[in-house]
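Worksheet: the structure to be examined is printed underneath.
Since every read-out is calculated from the coordinates, none of them should be taken as a lab result. Note that this is a predicted model, so its numbers are computed, not measured. In this analysis, Cβ positions are derived from the backbone assuming ideal geometry, glycine residues included, and neighbour counts consider all displayed protein chains.
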Amino acid sequence: MTDGIELDNLIEIEQDYKDIYYHYLKHHGLMDFVEQIVTPPEQEMGIRIDRLPTYPFTIKVDRITFSNVVGLIGKVAKLKAAFGSL
């Protein structure tokens, strides 16, 4: 179901927290899955997973968990298929 989505994973966070997030993600081996850490002023366009639908193409969710991750990946795949390269 998720084969071939081929999207970059970005983490959007306020500038003051970038180092904290980087070190946490790196320590837990998660930077292997993150292309870049960006800030809101950089205004990266694309599919977002967020608690608030403040941008187009946002999938609204309170948190990512084991029980919802497969459904989230499916939603991302559907948006990618419907709108192509965002």
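Brief remarks follow.
- Net charge contributed by nearby residues that have their C-beta within less than 12 Å of T54 (K/R +1, D/E -1): +1
- Rg followed by Dmax, in Å, when the chain is reduced to its Cα trace: 13.3, 37
- Think of it as helices only: each DSSP H run of n ≥ 4 in the chain is worth -39500 (n - 2.57), and spread over all residues that comes to -9000 deg cm²/dmol at 222 nm.
- Contact order for the chain, expressed relative to its length and based on alpha carbon pairs under 8 Å spaced 6+ residues apart, stands at 26 percent.
- Cβ-derived FRET efficiency at R0 30 Å, T39 paired with A82, nearest 0.05: 0.60
- Count, lysine Cα pairs under 20 Å in the chain, 8 or more residues apart or across chains: 4
- Amide proton proximity set for V38, modelled H, under 5 Å, gap of 5+: I11, E12, I13
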